[in-house]
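Notes follow once the structure below has been shown.
The values are calculated or read from the model by the stated rules, or taken from the named source; none is laboratory data. Predicted, not measured: the structure shown is a model, and the values here were computed from it. We place every Cβ from the backbone using ideal geometry, glycine too, and count neighbours over all the protein chains shown. In case anyone asks, the SASA skips ligands and DNA or RNA and just uses the protein heavy atoms, side chains included. Shrake-Rupley method; radii C 1.70, N 1.55, O 1.52, S 1.80 Å.
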Amino acid sequence: MIEYFMNKKKIYKSYIKYYETDSVNLDYIDDIFNEKEWNYLNLQNGPKRSIEAKKSLYFGKKAIMEFFGIGLDEIKNVSLLKGVFGQPVIVTSLFFLMNIGISITHTDKTFGILLFDQLHPMGIDIETKTKSDSEFLETYLTESEKKMIKESDGVLSKEVFFSAKESLSKILKTGLTSPLEIYEISKVDMDHDNISLFYKNFTQYKSTVVLVNDEIRSVTFPINSTKIIEGEYQWN
């Protein structure tokens, strides 16, 4: 799905797509990878890790093809590699991809791909909702966050907060390697099925969370950006 965001009168385009993990047959996708990607794939240890890495690269490149309407010949000139912090990076000489960033997340059932203009940083995360609400996450919450969850009448959860923070960490390119208190959520707005979360120490960003069946899907973007709904903006 293509989405547009307005920030300081400028429009930024992004593409978000969710793929079912089992929707691809690994026996028929080798042609999409180039030499650099094969070098990366051959370094993966164990069959589970190898399959996850291969599907991650495939869905990432598939999203690029869909977003830009390019074919197999062109996507072979695009390398989806890992940066020094493990973050996915698009490396290519194709001019229309020069400033495009990518954020990737997955569960056992779903891969989420987010393509965005690097002038307008974004991050994505998916978590699987559990009956126990991942009790181990309790130790990563501040007292203020615990209070917000308790007073939300079951709308908020530890997993919702964790997913939002994960999507923020994708922008910061750190992963959740820092103490989670740094990512403390200071405010939550709830509007029907949409949850907006704001941060104490990263006031320049906000996260939106939607619950889809048994999944928690989060996207983080600049706080002063507004998503443009079709028909609300008159294009010149």
* **About the Cα centre, charge dipole magnitude for the chain (Lys/Arg +1, Asp/Glu -1 at Cβ), debye** => 700
* For the chain, with the dipole built from +1 on Lys and Arg beta-carbon atoms and -1 on Asp and Glu ones, taken about the Cα centre, which of Ile29, Ile75, Val210 lies farthest toward the positive end? -> Ile75
* Asked: What FRET efficiency comes out for the pair Asn224/Val24, r = Cβ-Cβ distance, R0 = 41 Å, nearest 0.05?
  -> 0.65
* To do: Calculate, in nm to one decimal, what Asp153 and Lys76 gain on full extension: separation in residues at 0.36 nm each, minus their alpha carbon distance.
  => 22.8 nm
* Of the chymotrypsin sites (Phe, Trp or Tyr not before Pro) in region 9-104, which ones lie in a loop per DSSP and count no more than 14 other C-beta atoms within 10 Å? -> Phe85
* Asked: Taking region 3-54, which GluC sites (Glu not before Pro) meet the DSSP loop condition and have no more than 12 other C-beta atoms within 10 Å?
  -> none
* **Accessible area in square angstrom per residue, the chain, 1.4 angstrom probe** => 56
* To do: With 5 Å bins from zero, work out the P(r) of region 132-186 over every alpha carbon pair and list the percent per bin.
  => 4, 20, 32, 25, 13, 5, 1
* When the accessible area of the chain is split by element with a 1.4 Å probe, what percent falls to carbon and sulfur? -> 51
* To do: Normalising by the residue count of region 1-117, find the relative contact order in percent from Cα pairs under 8 Å and 6+ residues apart.
  => 31
* Quick one: what Rg and Dmax do you get for region 120-236 from the alpha carbons, in Å? -> 14.4, 51
* **Long-range Cα-Cα pairs in region 1-79 (distance over 16 Å), rounded percent** => 58
* Farthest toward positive dipole pole in region 81-134 [+1 Lys/Arg, -1 Asp/Glu at C-beta], among Phe116, Val84, Phe96 -> Val84
* Asked: What's the extension gain from Asp108 to Phe85 if we count 0.36 nm per residue and subtract their Cα-Cα distance?
  -> 6.0 nm
* Considering only protein heavy atoms, with the full assembly of protein chains and a 1.4 angstrom probe, order Met1, Met6 by accessible area, largest first. => Met1, Met6
* To do: Pairs of lysines 8 or more apart, or on different chains, with alpha carbons under 27 Å: count those in region 1-56, would you?
  => 11
* Asked: Under a 1.4 angstrom probe, counting protein chains only, how are Asp73, Asp214 ranked by accessible area, largest first?
  -> Asp73, Asp214
* Which GluC sites (Glu not before Pro) does region 131-213 hold that lie in a coil by DSSP with at most 11 other beta carbons within 10 Å? -> Glu151
* Structure fact -> Per residue, the convex hull enclosing the alpha carbons of the chain has a volume in Å³ of 147
* Determine the relative contact order of the chain: mean sequence separation of Cα pairs under 8 Å and six or more apart, normalised by residue count, in whole percent. => 19
